[in-house]
Amino acid sequence: MNDAARRAYEDRFKRVTDYIYAHLDDEIDLNTLAEIACLSPHHWHRVYHAMRGETIAATVKRLRLHRAAYYLATTGKPVAEIAETCGYPNLQSFNRIFKSAFGMPPAAYRKNGSHRRFLDTSREMDTAMYDVETRMLPEMKGVGVDHTGPYITVGKAFETLYGCLMSRGLFRPDMQMVGIYYSDPSAVPEDELKSRACLVFEGAVPVEDPLIETVIPETRCAVLTYKGPYADMKAAYDWLFGQWLPQSGAEPGDRPCFEIYLNNPRDTPPTELLTEICLPLKGGAAA
């Protein structure tokens, strides 16, 4: 594929990704997506599945449920309102689809989801229970795509990153997903948060726009291994900074937090996702 053709496919995928994220609360017609991609509906679905590793319908469902879980974990919005906001025509279908993915209906998830264990302040902190360790992480090199906006939507940058590497024939199965989060969400407006979606790997690939060469230096970190949906992790961050850090005697370093994703949301149930939340610390050897 020549450069002009490759860039045309990348532009098509970016337009589709942007449209999906902007219309998650609407009915998304698959033929409309084919029109946005300027491809025949007969072939577009096959092209998308081959390049993204899941069907368009699966992408839309995953993103809607991701956003719904985020609202359930972080807001007091009524479940019916969340269902409507996330594009589900009625509460019954939302309850059924959500339960099939998360193992419990939305109302139960709000009360008993994985985020709840970090919100229980009625007992003394037990660091072993939360699986935090301090260790020296080696240097990681790769490529990334920048994102500005709510951290919950950093998936847009990952979609662009995967699309670029796939269209250029550069994607390899050994590439490791990493997210870097530069801004403090308690101090910066959501729409101005800066982050980067990265894939790290051995060797090198040509770096052309929108790809950015990315290096995470060798870093001593507090690493919290989190099991559960990405949407639940705000509570884990609050616990790590608000309880673990003051009682640990450690001091945070001057580098941004980053997350290492140990499995893939395209083929892993949300409740089984594993993430290493990495908080850089000042100096010293790993414990």
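Every read-out reported here was derived from the displayed coordinates using simple, explicitly stated rules and does not represent laboratory data. Not measured: the values here are computed from a predicted model. Cβ placement follows ideal geometry from the backbone for every residue including glycine, while neighbour counts extend to all protein chains displayed.
Figures for the structure shown
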| item | result |
| --- | --- |
| Qualifying trypsin sites (Lys or Arg not before Pro) in region 211-285, DSSP loop, other Cβ atoms within 10 Å at most 13 | 266, 282 |
| ³J(HN,Hα) computed for each position of region 243-253 - Karplus, 6.51 cos²θ - 1.76 cosθ + 1.60, integer Hz, glycine/proline x | 10, 5, 4, x, 8, 8, x, 7, 10, x, x |
| Restraint check, 156/194; 194/234; 77/156, Cα-Cα greater than 21 Å | 77/156 |
| Taking all pairs of distinct alpha-carbon atoms in region 1-152, Kirkwood radius in angstrom | 18.6 |
| Residue-by-residue Karplus 3J(HN,Hα) for region 192-208, coefficients 6.51, -1.76, 1.60, Hz, glycine and proline x | 10, 5, 10, 8, 9, 8, 10, 10, 10, 5, 7, x, 8, 9, x, 9, 10 |
| Dipole magnitude of the chain, debye to nearest 20 (Cβ charges: Lys/Arg +1, Asp/Glu -1, about Cα centre) | 680 |
| Fewest-first ranking of 281, 137, using other Cβ atoms within 10 Å as the exposure measure | 137, 281 |
| Computed Rg/Rh of the chain, alpha carbon atoms with Kirkwood Rh | 0.97 |
| Globularity ratio of region 183-224, using Cα Rg and 2.2 N^0.38 Å | 1.55 |
| Charged-residue dipole, Cβ positions (Lys, Arg, Asp, Glu), region 1-99 about Cα centre, Debye nearest 20 | 400 |
| Fewest-first ranking of 74, 17, using other Cβ atoms within 10 Å as the exposure measure | 74, 17 |
| Relative contact order (%) - the chain, alpha-carbon pairs under 8 angstrom, separation at least six | 21 |
| Förster radius 30 Å - calculated FRET efficiency between residue 187 and residue 218, Cβ distance, rounded to 0.05 | 0.65 |
